[in-house]
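Scroll down for the structure; my scribbles are underneath it.
The values are calculated or read from the model by the stated rules, or taken from the named source; none is laboratory data. It should be emphasised that the depicted structure is a prediction, and the values quoted were computed from it without experimental measurement. Positions of Cβ are backbone-derived with ideal geometry, glycine not excepted, and every protein chain shown enters the neighbour counts.
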Amino acid sequence: MVRSGAVTTEPIHDALNAVYIAESRRVLATLIRVLGDFDAAEEALHDAFRAALEQWPRDGIPDNPRAWLVSTGRFKAIDAIRRRKRFDALEDYEEGLDVAVEDPAAWADPESVEDDRLRLIFTCCHPALAADAQVALTLREVCGLTTEEIARAFLTPAPTLAQRIVRAKAKIRDAQIPYQVPTATELPERLDAVLRVVYLVFNEGYSASSGATVTRSDLSEEAIRLGRLLVDLLPEPEAIGLLALMLLQESRRAARSSPSGELILLEDQDRSLWNKAQIEEGTGLVRRALASGRGGPYAIQAAIAAVHAGAASVADTDWAEIVGLYDVLLRAHQSPVVELNRAVAVAMRDGPEAGLAIIDAILDRGELKEYRLAHAARADMCRRLGRAADARTSYQRALKLSHQEPERRFLEKRLAELSK
Amino acid sequence: MKYLCLVYLEADKLHAVPDRECMACGDGLRKSGVLVAAEALQPVDTATTVRVRNGKLSVTDGPFTETKEQLAGFYLIDARDLNDAIQVAAKIPPAREGSIEVRPVRELQP
């Protein structure tokens, strides 16, 4: 069945697949610029690959597949418009096309292609778009995930997600969100928005806020891939810091849950299961981000993760260094959640009493009252101090606020142990 | 492309920005060719709502909305794209007291 006429075309199909994986997102990013429209560009991308499927087995793979695909996609798009619209409308449309890239060689120019990828990222993460739409659009357009894949990963009905993407594209078109990399003055804020989206995708994969398993690893892998792309395109210290942070957290994946899906705390993890290659890469990136002198919250959090990653055990961990890094982080980024994490580190350095005092002060301020991890941390301090009744109250409070199955089982187990 | 920048303020902040400053902002935008039109509005309790239903005119006091902020003025501007319009909106003085809603203008289809 496989033999016969297919013999000569099969390797070319493999080659075409490889080109698709390597180039489709780049080609799309350039087509959006050339055609000025997301939907037209997506259609043109499909038409270009359909044409490649017909022509490449016969004529061979072109010298520059990327330029061929962009050029073919563009002609197919103009063709489609010609078929749909009157001739005068077409002239208006052609005038609107980017004339600077009439030379197909320019489409393959690595620099402008990479610029297009950045344009696409910044457009998908434009703050004028709803936060959930930014995430969906980035995964769809930049990462090439299907709507169904994104819907499954976010436990959202596919039609809802598709609607979100349609609305975002309509806003880009109707409000004229420009397809460009922000200017130097806008860049810090706009980059923050992009990094937020990437980290949100990572966290959704790393600690799903609801659902039966602790991790949905595909999303984390996708976020790391996005982080790498961003560091390649725009090696800003915070982009490097975020990639480091994701790699260092990801390195613990195999150790943070048991084969039956039970949650394992950092102190109880089998550190031989930590991924050494990821730790090494992450630690190197932390150094690079901090050496710039412009490391922000992501770089500092990554530095904290790197201290953990470098320690052979909890007892061996440099808790003073970690508390110091949390102090730096709080100066850069005031947040009660960071204060809570610092309190846990203080408890490791000075004992549970010191940590408990800080946590109670945060809770007394009324902040984090609805945050399950604040109550779980308080419960843990009380447990270690032998204050079983207080520990029980706090575990129950945490349990009421937790919707993640493995976390609930963990809290229930701790509660049961208190009763013994 | 034209954008309408709608200025929203809470009732007690309607005069928080001195008129002088708003006039200077309008003049600056007019000089740079960005401004099409701009006006400040009387408070919402001076507003009248007009409806025509089945050919019959209805006039009522209002509008009544649940939101605390009310429409206090507008700037119709001509901007390159949304980023450009956002930059202009950020310079409208009441942006620091209330909020500016930036709406793209829709061309009517003949």
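Please indicate, with yes or no, whether at least one residue in the range A:181-197 is among the small types (Gly, Ala, Ser) and either modelled with pLDDT of 90 or more or touching a strand residue (DSSP E or B) at 6+ places or on another chain (Cβ under 9 Å) (or both). There is at least one residue in the range A:181-197 that is among the small types (Gly, Ala, Ser) and either modelled with pLDDT of 90 or more or touching a strand residue (DSSP E or B) at 6+ places or on another chain (Cβ under 9 Å) (or both). Of the candidates B:GLN42, B:GLN87, the single residue that is out of contact with any Cys (no Cβ under 9 Å at 6 or more places or on another chain), surrounded by fewer than 17 Cβ atoms within 10 Å (Cβ to Cβ) and within 14 Å of another protein chain (Cβ to nearest Cβ) is B:GLN87. The residues in the range A:141-174 that are within 14 Å of another protein chain (Cβ to nearest Cβ) and loosely packed, with under 15 Cβ neighbours inside 10 Å can be counted, and the count is 3. Within the range B:54-82, residues that are more than 14 Å from chain A (Cβ to nearest Cβ) and touching a residue at least 60 places away in the same chain (Cβ under 8 Å) reach partners that are of a type in the set (Lys, Arg) and part of a strand (DSSP E or B) with beta carbons closer than 8 Å, at six or more positions or on different chains, in the pairs B:LEU76/B:LYS2. One residue stands out among those in the range A:364-392 that are surrounded by fewer than 19 Cβ atoms within 10 Å (Cβ to Cβ) and hydrophobic (A, V, I, L, M, F, W, C): the one that is nearest to the chain's Cα centre (by Cα), which is A:LEU373. Of the numbered criteria (1) basic (Lys, Arg); (2) closer than 30 Å to A:THR123 by Cα; (3) more than 14 Å from every other protein chain (Cβ to nearest Cβ), the one B:ARG106 fails is (3).
Return yes when B:ASP19 is touching a residue at least 12 places away in the same chain (Cβ under 8 Å) and within 14 Å of chain A (Cβ to nearest Cβ) and no when it is not. Write out each step before concluding.
Working: touching a residue at least 12 places away in the same chain (Cβ under 8 Å): yes; within 14 Å of chain A (Cβ to nearest Cβ): no.
Against the criterion (touching a residue at least 12 places away in the same chain (Cβ under 8 Å) and within 14 Å of chain A (Cβ to nearest Cβ)), B:ASP19 does not qualify.
Pick from the range A:175-205 the residues that are more than 10 Å from chain B (Cβ to nearest Cβ) and among the aromatic types (Phe, Trp, Tyr): which of them is surrounded by the most Cβ atoms within 10 Å (Cβ to Cβ)?
Checking each candidate, the answer is A:PHE202.
Consider only pairs whose beta carbons are under 8 Å apart and that are at least six residues apart or on different chains; among these, list those whose first residue lies in the range A:119-140 and is within 14 Å of chain B (Cβ to nearest Cβ) and whose second residue is part of a loop (DSSP other than H, G, I, E, B) and of a type in the set (Phe, Trp, Tyr). Within 8 Å, the pairs are A:ARG119/A:TYR179; A:THR123/A:TYR179.
Scanning the range A:48-61 for residues that are at pLDDT 90 or above, in contact with a Gly (Cβ under 7 Å, 6 or more places away or on another chain) and polar (S, T, N, Q) turns up nothing. Taking the range A:253-271 as the range and being polar (S, T, N, Q) and under 24 Å from A:VAL344 (Cα atoms) as the test, the residues that pass are A:SER257, A:SER258, A:GLN269. The condition (being on the phi < 0 side of the Ramachandran plot, hydrophobic (A, V, I, L, M, F, W, C) and touching a helix residue (DSSP H, G or I) at 6+ places or on another chain (Cβ under 7 Å)) is satisfied by just one residue among B:LEU9, B:LEU57, B:LEU14, B:LEU76: B:LEU9.
What tally of residues in the range A:318-342 results from selecting those that are closer than 16 Å to A:GLN249 by Cβ and among the polar types (S, T, N, Q)? Qualifying residue count, the range A:318-342: 1.
For the range A:234-251: of the residues being part of a loop (DSSP other than H, G, I, E, B) and touching a residue at least 40 places away in the same chain (Cβ under 8 Å), which is nearest to A:ILE224 (Cα to Cα)? Taking the candidates together, the pick is A:SER251.
Going through (1) under 24 Å from the mean Cα position of the chain (by Cα); (2) at pLDDT 95 or above one by one, A:LEU263 falls short only on (2).
Which of the residues spanning the range B:47-84 are within 25 Å of A:LYS171 (Cβ to Cβ), surrounded by 10 or more Cβ atoms within 10 Å (Cβ to Cβ) and not aliphatic (A, V, I, L, M)? Passing the criteria: B:THR65, B:GLU69, B:GLY73, B:PHE74, B:TYR75, B:ASP78, B:ARG80, B:ASP81, B:ASN83, B:ASP84.
Matching residues to (1) modelled with pLDDT under 60; (2) surrounded by fewer than 19 Cβ atoms within 10 Å (Cβ to Cβ); (3) touching an Asp or Glu at 6+ places or on another chain (Cβ under 7 Å); (4) part of a loop (DSSP other than H, G, I, E, B):
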position	(1), (2), (3), (4)
A:ALA89	yes, yes, no, no
A:ASP92	yes, yes, no, no
A:GLU111	no, yes, no, no
A:ASP116	no, no, no, no
A:PRO127	no, yes, no, yes
